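*Asks:* Sharing a structure below in structure tokens format, with a few things to ask.
Where a number appears in this text, it was derived from the coordinates with a stated rule and is not lab data. Since we're looking at a predicted model, the values are computed, not measured. Methodologically, a virtual Cβ is constructed for each residue, glycine included, from the backbone with ideal geometry; neighbour enumeration extends over all protein chains shown.
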Amino acid sequence: MRDFACPKCGQQLTFENSLCLKCRSRLGFSLEQRALVVIGTPDGDESSSGIVDKSQYKLCANMHLARCNWVVDRDDIEGLCRSCKLTRTRPADSDVDALPAFADAEAAKRRLVFELTEIGLPITDRDDDPDRGLAFDLLSSAHERVMTGHFNGVVTLDLAESDDVHREQLRIEMAEPYRTLLGHFRHEVGHYYFGVLVTSPDDRAEFEALFGDPDADYQAALDRHYQQGTPSGWERTHVSSYATMHAAEDWAETFAHYLHIRDTLDTAAAFGFARAGVALDHQLLGASGFDRIIEEWLPLSWALNQLNRSMGHPDLYPFVLPRTVLDKMRFVYRLVT
């Protein structure tokens, strides 16, 4: 994530800001410009604050419903930003209990969409590909059974995951060291990008050598995982215990961790805690680029874990990256870049 600033006065701001805390300018995030932009009055007329709208932007129609601070063109009739358009199903306006959770999920999804754009991955929606385009169903399990997962481009998320108590209970019950909304999105979108990235016979062969057969019986693998548990010594070959269940889950977990690392390093570089060469807008390509990422990540994650412990929190990144996992992640890196 980049370091953002008000384009009018230079005040340092966050990705989520819609108002400058210093000059009180109205702001919105432009995915096209990868920056916060000032939103003034139409047709270049000066508002009471003296701001002139030269960009012809307006805030997303989900500004209030999803706390969305992204902008669209002023003439956009639908009025939804690039991220909000990807949501296919959401709670009804009358579902006042689910709407705050929906807004939390959308905030995490905007970070996901921004990172996917930064690293150059294509985002094909259901308008362009009605059968397999990317879409999100954000559903409340208070009214129906909801299974977080992915199928044919549709990512389904149980909005109960936005509740800290619920999510922590599941994290403990499932022996997971890490569980967040953003983590769910990164994992599930990894399933989608398998079909986008692993397309050539050579890539398929390399995938199977690293991860296994993606077409193996999934239900049988699921039953085996929950009946027999995680195989002994999994830490030497997989990034998480869940990754051992099936080749598809191993890929999705590895893909998600690649996104975790890239975004955290990008943020660290923006604030001077990592070299600029690992930032997404200055990244090196090829094998040396991945080597640089890992060389920066290992000491940074160690330091971040120690900082968390100093505040009495669990480790920020409670994972190890053995050689086999790095080989898998290098494969993801190669396909992405």
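*Asks:* Report relative contact order for the chain in percent, whole number only (criteria: Cα-Cα under 8 Å, sequence separation at least 6).
*Replies:* Computed over the chain, the figure is 11 percent.
*Asks:* For the chain, modelled as a Gaussian network with Cα springs under 10 Å, which listed residue fluctuates most, Thr230, Thr244, Thr199?
*Replies:* Thr199
*Asks:* Still on this structure: Beyond 23 Å between alpha-carbons counts as too far, so tell me which of Lys58/Lys109; Lys109/Lys328; Lys22/Lys58; Lys22/Lys109; Lys85/Lys328 fall in that bin.
*Replies:* Lys109/Lys328; Lys22/Lys109; Lys85/Lys328
*Asks:* Ok, one more. Can you give the FRET efficiency for Ala5 and Asp97, using 1/(1 + (r/R0)^6), R0 = 56 Å, r = Cβ-Cβ distance, to the nearest 0.05?
*Replies:* 0.95
*Asks:* Another question about this same structure. Need one number: % antiparallel among DSSP beta bridges in the chain, to the nearest 5.
*Replies:* 55 percent
*Asks:* Might you report the magnitude of the Cβ-based charge dipole of the stretch 292-337 about its Cα centre, with Lys and Arg at +1 and Asp and Glu at -1, to the nearest 20 debye?
*Replies:* In debye, rounded to 20, the stretch 292-337 gives about 180.
*Asks:* Roughly how big is the chain's charge dipole about its Cα centre, with Cβ charges of +1 (Lys, Arg) and -1 (Asp, Glu), in debye to the nearest 20?
*Replies:* 1080 debye
*Asks:* Roughly how tilted is helix 287-310, in degrees to the nearest 10 and between 0 and 90, from the longest Cα axis of the chain?
*Replies:* Helix 287-310 and the main axis of the chain meet at about 80 degrees.
*Asks:* Note the full-extension length gain between Glu16 and Asp223 as 0.36 nm times their separation in residues minus their Cα-Cα distance, in nm to one decimal.
*Replies:* 70.4 nm
*Asks:* Here's another thing I want to ask about it. Using unit Cβ charges (K, R positive; D, E negative) and no other charged atoms, how large, in debye to the nearest 20, is the dipole of the stretch 179-337 about its Cα centre?
*Replies:* Magnitude of the dipole: close to 520 debye.
*Asks:* I would also like to ask the following. So how do 6-17, 181-192 stack up, highest first, on mean other-Cβ count within 10 Å?
*Replies:* Answer by packing, highest mean first, reads 181-192, 6-17.
*Asks:* Same structure again: Can you order the peptides 219-228, 257-266 by their average number of other Cβ atoms within 10 Å per residue, highest first?
*Replies:* The peptides rank, most packed first, as 257-266, 219-228.
*Asks:* To make sure I understand, if each residue's beta carbon is the centre and we count other beta carbons within 10 Å, what order do Glu253, Glu118 fall in, fewest to most?
*Replies:* Glu118, Glu253
*Asks:* With point charges of +1 on the Cβ of Lys and Arg and -1 on the Cβ of Asp and Glu, referenced to the Cα centre of the chain, which listed residue (Met329, Phe255, Leu36) lies farthest in the positive direction of the dipole?
*Replies:* Leu36
*Asks:* What nm distance separates the two modelled labels at Thr337 and Gln33, each placed 7 Å from Cα along Cα→Cβ?
*Replies:* Modelled inter-label distance: 3.0 nm.
*Asks:* What whole-number value in cubic angstrom gives the convex hull volume per residue for the C-alpha atoms of the chain?
*Replies:* Per-residue hull volume (Cα only) is 161 Å³.
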